[in-house]
Amino acid sequence: MIKNILLTTFCFFSLCLFSQERDIEGSVADKESGMPLLGVNVIVEGTTQGTTTDFDGNFILPSVQESATLVFSYLGFKTLKIKVAGRTQFDVQLEADTESLDDVVVIGYGSSSKRKITGSVSTVNSESIQDLEPINAATALQGTSAGVSVTPQSGAPGAESNIRIRGVSTNGNSSPLIILNGAQYDGGLNSINPQDIESITVLKDAQAAIYGSIGANGVVLIETKRGKRNQSAVVSYNTYVGLQETTRKLPLLNANEYVLLTNEKYANAGQDLPFTNLSQINNNTDWQDQVFETPTVISNNVSIRGGSENTDYSFSASHLDQGGIVAPDKSNFKRTTASISLNTDVRDFLNVSANVFFTNNRSQGINSFGLGSVLFNAINIAPVINRSQNNLDGTIDLGNEVVNPLAQINNTFNDFESNRLSGSFQAELEYIKDFKLTARYGFNSSKLNNREFFPEFNFGTGKVFNRPVNQVDLDQQDFYDYTFDLFNTIEKTFFGELDVTNTTGLTVFRSHGEGLFGSRTGVLRNSYDFADLGSATGVGEGNQTNGSFVSEFRRLSYFTRFEFDYQDKYLFSAILRRDTSSRFGPNNSTGWFPSVTAGWLLTEEDFIGTNDILNFAKLRASYGELGNDQIGDFLFLSVLSGEAEYLFGPDQGLTTGQALGPLANPSVKWETAKKLDIGLDLQLFNNDLDITLDYYDNTREDLLIPGIPTSGIFGIAAPGSSAPTINAGTVKNTGFEATLGYSKDFSDDFSFSINYNVSTIDNEVTQINGAEFLEGGQFSVGQQPPSRMEVGLPLGYFYGLKTDGIFQSQAEVEAHPSQSQLAGVEASPGDLRFVDTNGDGVISQDDRTYIGDPIPDVTMGLNLSFTYKNFDFSAYSFANLGNEIVRNFERDQINVNMLSRRLNRWTGPGTSSTEPRVTTGATANKLFSDYFVEDGSFLRIQTISLGYNVPVENLKAFGINGVKIYAKVDNAFTFTEYSGYDPTASTGAPIGGGIDLGFYPLPRTYTLGLNVKL
């Protein structure tokens, strides 16, 4: 009996156990693209039972317990665990593990991991670029990378941006080196389609020493998107359309206010009033309304990416069409790009890859920045003039520069086109285990065709823009450069705990350029349609000119880098590069650039370890020397580029010939950047919080400075000649950087991330040999340069008179040191009161002093994003604090329009202590002083974006794997006290930057976009 009971019980439990096992099947796809994934591991947790997905992403797993948990894992994707719980069908989507992907950091001639990198590096991934979706890829660095400043050269369509890494350290070229897919890329980032970019990595310290003489300004490494292995072709189509507008209009005087203040100017000088019958003022033209428009920007981008087991491929094409917010018919930018990428494992030991990019840029432009620009004229022209008054004769005299901006636009004709082909071809051969040889050839080929037409036109008597005869200018330029890299990489482990990596190789770089220029008068019918050199009729001197140029530059480099990793906690690397450049003479053509970096993984130590709060800690330091050879070619030689005239021949006729140009300096050599960085990397609270802290000291020695005073006996005053360029200066930048990032998935429906970075900078010139100071920049017309480079002060600081309010009475004037030396007349009540800084009892140009500088003390970025179910939101912002900007868009002619702040001018004792009186008489109020210097600090909300991802299950029936609809606002808000169009206005010049000459403002853009994946 007992035996039967036991047998029955055993059979019952066996049946129950068997009933809890079942066969499971399903599929695995990429959540982002919806495409099936090949080779995904599907494992029953805690067992060895498992399988992998086939080419279609399908899998079958027999006899799985109901209580089991399935684990889905795949390289580059987040691991997913799902309980069986009675289910038999599993259609799974894996999400890309961005942290894992970002863990690989490109460092030049190789890569490392964020865990083991020992230099100061910032990386912007494709997700951030996609959120920002900038027209110019450089914009993606602004506010997202600590210590990196990006300022647009203009808000005009197609304008490039100035990138500065940890401040300005040189009076010359401060732009960083751009490396595209391993090859040097000379040119603006506006020629690269941002949607093709996978990541942008910035090397800020001695880690960049692997690039030697071209790495002193920092290095920007750009990697483009590739296809994924074992994935069917993913077709993506992205499009958006945007409406642009100016972010602000300057508060100018209207017609009534203009007449009031203009009459007051003349009355204060005892002159007859220009407007005696106010009832005859028939016009009240808002010239800003006349020139600003609301054009569109339209972008279309298509890509096909995928791969097999051994090959991945990518193809993309795009077209961008952007109109300008000023005269879009004459100011616009069109960019067409195409790219192809192929990467394949020919054998287990041999990999070859190719990347080729083509860009066609075509643009038209107006005079957009400087004295005489369209906006300069719109600001200064009188509102009492009718918009159709093309010739200003018979209207109030505005001087010889200010013209009708609409007439200026109508008489602007040009077309600029560039075709660029860039690419790289690479082969990697693992000829012995752990030994890999890499050969890479990168190239850039550019062809530029430019045409400008200046029609015959009369803007008014004496106007500088008048053209008594028409003229056409044509130029064609061709540039080609190549980079050839050959390097060997060895990776070995010794004693089971010491990992050693050595990279040794050479780089050859050559650049060649040539161009032809021509101009001719006598264009038929005074029409742009006939603007060609061949059909124009002008002949003789002044009516027909031509010219050409040829340039050549070469560099040969050898380098080696050793990287050591002991016990996965002690890190060390050493870099040495030797460069030989054709830009320097035989005595100094070669330079050596060493650097060392070290890191200590603190959390790998037993006495520190990890816990629930501290997950990772790394202390790192670096020091190295880098070079800068960004100067003109052949400065060590005497070149016949000057002009000379001589009495020649039997008739002793005056003959024009050539003479020596800038004096040669056979000893010219590299600028040397000495970079120190000490940093700390932390990860806290289950890796949800990342903290990066850095202190840096960048000292730039042997600055290449032109124009150091030289005796005239050497002939430097001759046309085309100048003083030699010599190594004569030192600039030092120090500061702190901090980056904090918090990211967390709170549930399957909600995730949140926020990133904040802050950087400080202290800039100081510490040495100038051969001169007390150097000058630069421009303020108004005929005044002394407003910017200086001087020991003990920031590079490019503003040098002018310092004010102390306004004279309220004649008694105050008489009690103050005389200001008559400034303008030839004594000051009057209502004039600016200048400070006697040198204490000599007289106000003169000798009292000029430091009155501000264009370098911000602090830069910051704050970016946040969150997702809720199918919605996603992101916002990007950045700020500059502590810099000044010069207001230089107001012409100092008598009858021009003025900012409305002048309504608060001084009219009697106690009426104003900030705005001087108005007058047509001589006064020192127009001289450069801190009256024209304003606080340039600002906070800008760069991008606000809201998107909705249509559920995939609603799209499968149509063969669509993903649809996203989004709305975005770029340049949404700017909070600043600066009175000009844009607080980022600057020429970008190291000496002369931060001066607003009538900056074309960045547009605010309202965008609707659609992303589709098939």
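Evaluation of Gln658 against the conditions (1) surrounded by 14 or more Cβ atoms within 10 Å (Cβ to Cβ); (2) without any contact (Cβ under 8 Å) to a residue 24 or more places away in the chain; (3) of a type in the set (S, T, N, Q) shows that the sole unmet condition is (1). Among the residues of region 596-638, write down those that are more than 27 Å from the chain's Cα centre (by Cα) and of a type in the set (Ser, Thr, Tyr). The answer is Thr597, Thr603, Thr610, Ser638. One residue alone among Gly270, Gly242 is at positive phi and outside the structural domain of Ala137 (by TED's automatic domain parsing), and that residue is Gly270.
If I filter region 501-536 down to residues being of a type in the set (Phe, Trp, Tyr) and assigned to a strand (DSSP E or B), which single residue comes out as nearest to the chain's Cα centre (by Cα)? Only one residue tops the list, namely Phe509. Here Thr69 clears all of (1) on the phi < 0 side of the Ramachandran plot; (2) over 47 Å from the mean Cα position of the chain (by Cα); (3) surrounded by fewer than 14 Cβ atoms within 10 Å (Cβ to Cβ) except the condition numbered (3).
Against the conditions (1) at pLDDT 95 or above; (2) out of contact with any strand residue (DSSP E or B) (no Cβ under 8 Å at 6 or more places or on another chain), Tyr240 satisfies every one except (2).
Would you mind stating whether Val539 is part of a loop (DSSP other than H, G, I, E, B) and more than 30 Å from the chain's Cα centre (by Cα)? In short, yes. Within the set Glu497, Glu514, the sole residue that is loosely packed, with under 15 Cβ neighbours inside 10 Å, within 30 Å of Lys114 (Cβ to Cβ) and not β-branched (Val, Ile, Thr) turns out to be Glu497. Contact map, region 285-311: residues that are under 25 Å from Arg226 (Cα atoms) paired with residues that are β-branched (Val, Ile, Thr) and buried (at least 21 other Cβ atoms within 10 Å of the Cβ), Cβ distance under 7 Å, separation 6+ or inter-chain. Pairs shown: Arg305/Val234; Gly306/Val234. When the residues of region 689-731 are filtered to those that are modelled with pLDDT of 85 or more and hydroxyl-bearing (Ser, Thr, Tyr), the one that is nearest to Ala673 (Cα to Cα) is Thr699. Of all the residues in region 298-307, those that are surrounded by fewer than 18 Cβ atoms within 10 Å (Cβ to Cβ) and either farther than 30 Å from Ala354 by Cα or touching a Leu at 6+ places or on another chain (Cβ under 9 Å) (or both) number 2. The strands (runs of 3 or more DSSP E) located wholly in region 904-1014 that include 3 or more residues which are within 24 Å of the chain's Cα centre (by Cα) occupy 938-950, 962-976, 1003-1013. When restricted to residues that are β-branched (Val, Ile, Thr), crowded, with 17+ Cβ neighbours inside 10 Å and in contact (Cβ under 8 Å) with a residue 60 or more places away in the chain, region 739-765 contains 4.
Condition check ((1) within 27 Å of the chain's Cα centre (by Cα); (2) of a type in the set (Lys, Arg); (3) farther than 26 Å from Gln389 by Cβ; (4) part of a loop (DSSP other than H, G, I, E, B)) across all residues:
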| position | (1), (2), (3), (4) |
| --- | --- |
| Val234 | no, no, yes, no |
| Tyr237 | yes, no, yes, no |
| Tyr240 | yes, no, yes, no |
| Leu260 | no, no, no, no |
| Glu264 | no, no, no, no |
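Scanning region 108-139 for residues that are assigned to a loop (DSSP other than H, G, I, E, B) and on the phi < 0 side of the Ramachandran plot gives Lys114, Arg115, Lys116, Ile117, Thr118, Gly119, Ser120, Pro134, Ile135, Asn136. When the residues of region 272-297 are filtered to those that are surrounded by 14 or more Cβ atoms within 10 Å (Cβ to Cβ) and among the aliphatic types (A, V, I, L, M), the one that is farthest from Thr262 (Cα to Cα) is Val297.
The values are calculated or read from the model by the stated rules, or taken from the named source; none is laboratory data. Only a predicted model underlies this, so the values are computations on that prediction, with no experimental measurement involved. As a convention, Cβ positions derive from the backbone with ideal geometry for all residues, glycine included, and neighbour counts pool all protein chains shown.
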